[in-house]
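The block underneath contains the structure these notes are about, expressed in structure tokens.
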Amino acid sequence: GYSFASIESKWQAYWKENNTFATPERRTVQEDGTVVKSKNKKKYVLDMFPYPSGAGLHVGHPEGYTASDVMARYWRMTSHDVLHPIGWDSFGLPAEQFAISTGTRPEVTTGKNIANFKRQLQMLGFSYDWDKEVATTDVEYVKWTQWIFLQLHKLGLAKQSSVSVNWCPALGTVLANEEVINGLSERGDHPVERLPLRQWVLKITEYADRLEAGLEGLDWPSGTMTAQEQWIGKSTGTEIDFKVDGMEDEKVTVFTTRADTLFGVTYLTLAPEHPLVSSVTTPDRKDEVDAYVSATSSRSDLDRTAAKEKTGVFTGGYAVHPLTNEKVPIWIGDYVLGSYGTGAVMAVPAHDERDFEFAKKFGLEVKWVVEPTKNKKGKVEEVSKEEAFTAQGANVNSGEFDGMKTNKAKKAITYKLEELSAGGPKVTYKLRDWVFSRQRYWGEPIPIYFPVDFPEGVDPKDVDPKDEGCEHTIRYDVSIPVDEADLPLTLPEMEDFSPGDDPAGCLARAKDWRYFQKDGKWFARETNTMPQWAGSCWYYFRFLDPKNEQAAFSPELDEDWMPVDLYVGGAEHAVLHLLYARFWHQVLFDLGYTKHPEPFQKLVHQGMILGSDGEKMSKSRGNVVNPDDIVDVHGADALRLYEMFMGPLEAVKPWQTSQVSGVVRFQNKLFNVVQSVVQNDSDAEMDAETTKILHKTMKKVTEDVESMSFNTAISAMMVLTNHLTSLMKDEAGVPREAAEKLVLMVSPFAPHLGEECWNLLGHEDSLAYQPWVEYDEALCIDNTVKMGVQVNGKTRGEIEIAKDADQEGAMAEAMKVTSVFNQVDGKDVKKVIYVPGRILNIVAK
């Protein structure tokens, strides 16, 4: 039998000892100094590197890793130079929370988790080049993450700002909008409040155009492309200024994509946090407005925009319509966000559903200014006044613009506003700048410090800001970058990592680290750390050159290996990680550090593997399957084969341990086929049928691997294995050539099985770099064809005949089929319709 346990550990030891998967050098320098470049094409195969959690891998994780490994192994066998690295996205909140609850230092926990993950990945036989391994928490790695931050700072792309954020005191950190559900943190259900906080912000909005344009030409899933485009949210329209009535220099600016509806504006709505709210509010409305603003302040943006019920209050103030000079009431409503667009909207209830609902609720005027265009009969269809008419049409009640169709009216009104200096054309983006600060311990320190000021007349030499009662001011308005030569700036050793209730973060308590003297002056370090996204923004670059102490990566290796040819990972990263990484990449491109404008050429998302109950795997549901258990019982190759055989790679699939036995049978059959060749020392000739099946399988498997259709590739190999198993009974036995080709084809999927069989067949070297199988196209073409036979238009049977058989031959075969013969027997054949290879229809009366 096939003893997988000893065989798998034997080949894992062999690969390690021989460094089988070392990354080849793409260029070598000759003695005379000339550089010789590799003639092979390159493939950079990358997995989204894992966060090493305490739970270790579950069976969902290896799906993507197996898929990329199949490709890496296949490409090595097709004469490509392959770079296939792995590492650890090892900063993050869970390690810190574990440290807080157990008192274990986060680096100790993280180190243990990495060791466990590494054991599991090596147990599954992935062909990673372990010499390239990096962890985002390595001090040398942190140094270059901080170095990239300093480049952003130099370019003015890293700025401080007071941002209204979701502050969670229990977690001691700021949460993204997506992490807050109904005012509670997604993790742990802790209360969240909105606070203005000093934050570092990366100005990703300056790259919005580039980030959208750069998607062109990438081989990515269309859903991910759309998600990126929607997140960037480019929109072309008009900016319009409404002067505030009774206030000389104040105006409310709005952005709209429907300037044609300007004459239908009956009120303006400001976000509760809009800077003009307090000044436009009249004294008699002040209490109600203040109460509304305060009630809104604790709700997240997501919460506010998703709310079904629209709320608002009238400020008592008015704006002046730029074209009609009519007074327009100013309201505030929490469905308008201060962080989005101008923080104000012009409301056109007749032609916008949300405005219509709001106007109906508060009894505001509705003015109809667009009607449907005339139909073919020259009539205008009636429009219900019970709902907003949001389609395009022609303008009415719009002065000089009456009769214009929507697009023409948009342009004409925009041009008019520009003439009056009351607005003009504008492109906006939904994309917000990236809040880059985290108020926690376990992240990269931000390499910035600030001067410390003391009261007048105090000599800095005589005081110490670390002392409890020492009066001092940190000058946050003067940010000084740490000298690049002094990087990395490492975290201080702390006993207590708990965030505390100070939004400055726990590092503010590490006073000996925070405050330092230089040239007789005191300075204070930044106490915010970077988000977990930082390390994963550029790790693919460090994999090129992980031991380089002089640079993040060398220009030669960038030229040799970038961009990534295949990037495999979960669809949950479809927006943020990919957007942030592309942003950093484009900045490094602009600075000349990379020659490639985009990092990831082809992207594939593996589908989620659910628990056997059809639910997402999670500890709380108790449906997590540990790969260690599957490997103990069936072996690593069986796990790899099963995960690739479950269904299309991109599909969501439930795990069924009971079904693993199917691929185990295939594995054992294939091993038996090889053993029969070895034991019989057979030099059996290949008969025509075996030749044909073999070549068809080689074509099918090659094409399926190329398109990553792994389930159907395995299916084809199962059919071939069954055929070869049937030959074991024959005296001649199984042809060696067929067995060898099968072993080469299965090896990217089940590498231990492949190596063992190759070795049994008398080859001393690993098959990792053996040339891939080649098929003869002529032998893949069927000379016969199966086709249905109809009698009087109803299918009555099936025949297999030569592709070029004539009608006479087809009829002769058809009459041998009992069900067809019975329908025709004793009847007069009036007509025969025959299209070779397609159809035979007999008309009989």
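The values are calculated or read from the model by the stated rules, or taken from the named source; none is laboratory data. Since this is a predicted model, take the numbers as computed values, not measurements. Glycine gets a Cβ as well: all are built from the backbone with ideal geometry, and neighbour counts include every protein chain shown. SASA here: full protein model, heavy atoms, side chains in, ligands and nucleic acids out. Shrake-Rupley method; radii C 1.70, N 1.55, O 1.52, S 1.80 Å.
For residue 742, only one of the following conditions fails: (1) closer than 20 Å to residue 718 by Cβ; (2) out of contact with any Ser or Thr (no Cβ under 7 Å at 6 or more places or on another chain). What is its number?
Here residue 742 clears every test but (2).
Return yes when residue 524 is without any contact (Cβ under 8 Å) to a residue 60 or more places away in the chain, open to solvent by less than 30 Å² (accessible area, probe 1.4 Å) and not in a loop (DSSP other than H, G, I, E, B) and no when it is not. So that I can check it myself, show each step before the final result.
Working: without any contact (Cβ under 8 Å) to a residue 60 or more places away in the chain: no; open to solvent by less than 30 Å² (accessible area, probe 1.4 Å): yes; not in a loop (DSSP other than H, G, I, E, B): yes.
Spelling it out, it is not the case that residue 524 is without any contact (Cβ under 8 Å) to a residue 60 or more places away in the chain, open to solvent by less than 30 Å² (accessible area, probe 1.4 Å) and not in a loop (DSSP other than H, G, I, E, B).
Within the stretch 88-116, take every residue that is in contact with a helix residue (DSSP H, G or I) (Cβ under 6 Å, 6 or more places away or on another chain) and part of a helix (DSSP H, G or I) and give me the one that is surrounded by the fewest Cβ atoms within 10 Å (Cβ to Cβ).
The qualifying residue surrounded by the fewest Cβ atoms within 10 Å (Cβ to Cβ) is 98.
Given the residues 504, 508, 534, which is the only one that is part of a helix (DSSP H, G or I), out of contact with any Phe, Trp or Tyr (no Cβ under 8 Å at 6 or more places or on another chain) and under 26 Å from residue 157 (Cα atoms)?
On the way: 504 fails: part of a helix (DSSP H, G or I); 534 fails: out of contact with any Phe, Trp or Tyr (no Cβ under 8 Å at 6 or more places or on another chain).
Matching residue, one of 504, 508, 534: 508.
With the checklist (1) surrounded by fewer than 20 Cβ atoms within 10 Å (Cβ to Cβ); (2) in contact (Cβ under 8 Å) with a residue 12 or more places away in the chain; (3) not polar (S, T, N, Q) in hand, flag the one item residue 263 doesn't pass.
(1) is the only condition that residue 263 fails.
Among the residues of the stretch 245-260 satisfying the criterion of being in a strand (DSSP E or B) and open to solvent by 10 Å² or more (accessible area, probe 1.4 Å), which is farthest from residue 404 (Cα to Cα)? Write out each step before concluding.
Keep residues of the stretch 245-260 that are in a strand (DSSP E or B), which gives 251-256.
Then keep just the ones that are open to solvent by 10 Å² or more (accessible area, probe 1.4 Å); that gives 251, 253, 255-256.
Details: 251: 29, 253: 25, 255: 21, 256: 18 Å.
Going through the qualifying residues, I end up with 251.
Out of contact with any Pro (no Cβ under 9 Å at 6 or more places or on another chain), open to solvent by less than 40 Å² (accessible area, probe 1.4 Å) and not acidic (Asp, Glu): which single residue out of 401, 389 fits that description? Please lay out each step first, then the result.
Working: 389 fails: out of contact with any Pro (no Cβ under 9 Å at 6 or more places or on another chain).
Of the residues listed, the single one that is out of contact with any Pro (no Cβ under 9 Å at 6 or more places or on another chain), open to solvent by less than 40 Å² (accessible area, probe 1.4 Å) and not acidic (Asp, Glu) is 401.
So for the stretch 190-206 (the condition being open to solvent by less than 80 Å² (accessible area, probe 1.4 Å), more than 30 Å from residue 477 (Cβ to Cβ) and of a type outside the set (Gly, Ala, Ser)), does at least one residue qualify?
Within the stretch 190-206, one or more residues are open to solvent by less than 80 Å² (accessible area, probe 1.4 Å), more than 30 Å from residue 477 (Cβ to Cβ) and of a type outside the set (Gly, Ala, Ser).
Picking from 51, 44, which residue would you name as being of a type outside the set (Gly, Ala, Ser), open to solvent by 40 Å² or more (accessible area, probe 1.4 Å) and touching a Pro at 6+ places or on another chain (Cβ under 9 Å)?
Numbers: 44 fails: open to solvent by 40 Å² or more (accessible area, probe 1.4 Å).
Result of the check over 51, 44: 51.
So residue 649 ticks every box in (1) assigned to a loop (DSSP other than H, G, I, E, B); (2) over 32 Å from the mean Cα position of the chain (by Cα); (3) closer than 22 Å to residue 125 by Cβ; (4) among the aliphatic types (A, V, I, L, M) but one. Which box is left unticked?
If we test residue 649 against (1) assigned to a loop (DSSP other than H, G, I, E, B); (2) over 32 Å from the mean Cα position of the chain (by Cα); (3) closer than 22 Å to residue 125 by Cβ; (4) among the aliphatic types (A, V, I, L, M), just (2) comes out false.
Please state which one of 457, 443 is part of a loop (DSSP other than H, G, I, E, B), open to solvent by 10 Å² or more (accessible area, probe 1.4 Å) and not hydroxyl-bearing (Ser, Thr, Tyr).
457
Can you list residue pairs whose Cβ atoms sit under 7 Å apart, with the first residue in the stretch 341-360 being of a type in the set (Val, Ile, Thr) and the second being assigned to a helix (DSSP H, G or I) and crowded, with 23+ Cβ neighbours inside 10 Å? Count only pairs 6 or more apart in sequence or on different chains.
348/261; 348/264; 348/355
Of everything in the stretch 405-425, what is open to solvent by 80 Å² or more (accessible area, probe 1.4 Å) and farther than 30 Å from residue 375 by Cβ? Give them in sequence order. Show your work before the answer.
First pass over the stretch 405-425, keeping only residues open to solvent by 80 Å² or more (accessible area, probe 1.4 Å): 405, 407-408, 411, 415, 418-421, 425.
Across the stretch 405-425, the qualifying residues are 418, 419, 420, 421, 425.
What tally of residues in the stretch 467-488 results from selecting those that are loosely packed, with under 13 Cβ neighbours inside 10 Å and part of a loop (DSSP other than H, G, I, E, B)? Walk me through it before giving the result.
If we filter the stretch 467-488 for residues that are loosely packed, with under 13 Cβ neighbours inside 10 Å, which is where we start, we get 467-469, 471, 477-478, 483-486.
Add one more test, that the residue is part of a loop (DSSP other than H, G, I, E, B), and what stays is 467-469, 471, 477-478, 483.
So the count comes out to 7.
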